[in-house]
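Trainee: Sending over a structure as structure tokens; questions will come in a sec.
The values are calculated or read from the model by the stated rules, or taken from the named source; none is laboratory data. Keep in mind that what you see is a predicted model, and the values were worked out from it rather than measured. A quick note on method: Cβ atoms are made from the backbone with ideal geometry, for glycine too, and the neighbour counts reach across all protein chains shown.
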Amino acid sequence: MDGERTIRKLLAGKSGCRKKGRPRLRWMDDIELDLRNMGAKMCRTRALDRTEWTSVVRVVKAKFKGL
């Protein structure tokens, strides 16, 4: 009877263990790292204000001239 219970059937495939190693980077983590390397700080809070974000983008474009 224990092997026929619905809960056992649902949980049979899950081991409950985490993957080993470092967590994978998300897309946003990569973008924030690039912005930090370019000199833009507090990019998430600045991105909420459109005029502030526009000024950040202009400064970065002027700094790197090819964007």
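Trainee: For the stretch 1-25, which positions are of a type in the set (D, E, K, R) and either modelled with pLDDT of 80 or more or not in a loop (DSSP other than H, G, I, E, B) (or both)? Step through it out loud before you land on a result.
Mentor: Within the stretch 1-25, the subset of a type in the set (D, E, K, R) is 2, 4-5, 8-9, 14, 18-20, 22, 24.
Matches in the stretch 1-25: D2, E4, R8, K9, K20, R22, R24.
Trainee: State which residue is surrounded by the fewest Cβ atoms within 10 Å (Cβ to Cβ) when the search covers only the stretch 26-67 and only residues that are outside any helix (DSSP H, G or I) and at pLDDT below 80. Walk me through how you get there before you give the answer.
Mentor: So the first thing to find is which residues in the stretch 26-67 are outside any helix (DSSP H, G or I), and the list is 26, 39-42, 49, 65-67.
Restricting the remaining residues to those that are at pLDDT below 80 gives 39-42, 65-67.
Working: G39: 11, A40: 18, K41: 10, M42: 11, K65: 6, G66: 4, L67: 9.
In this case the residue turns out to be G66.
Trainee: Continuing with this model, one more query. List pairs: first residue in the stretch 28-39 and under 16 Å from F64 (Cα atoms), second residue among the β-branched types (V, I, T) and surrounded by 12 or more Cβ atoms within 10 Å (Cβ to Cβ) anywhere in the structure, Cβ distance under 7 angstrom, at least six positions apart or on different chains.
Mentor: Once the first residue is under 16 Å from F64 (Cα atoms) and sits in the stretch 28-39, its partners that are among the β-branched types (V, I, T) and surrounded by 12 or more Cβ atoms within 10 Å (Cβ to Cβ) give M38/V60.
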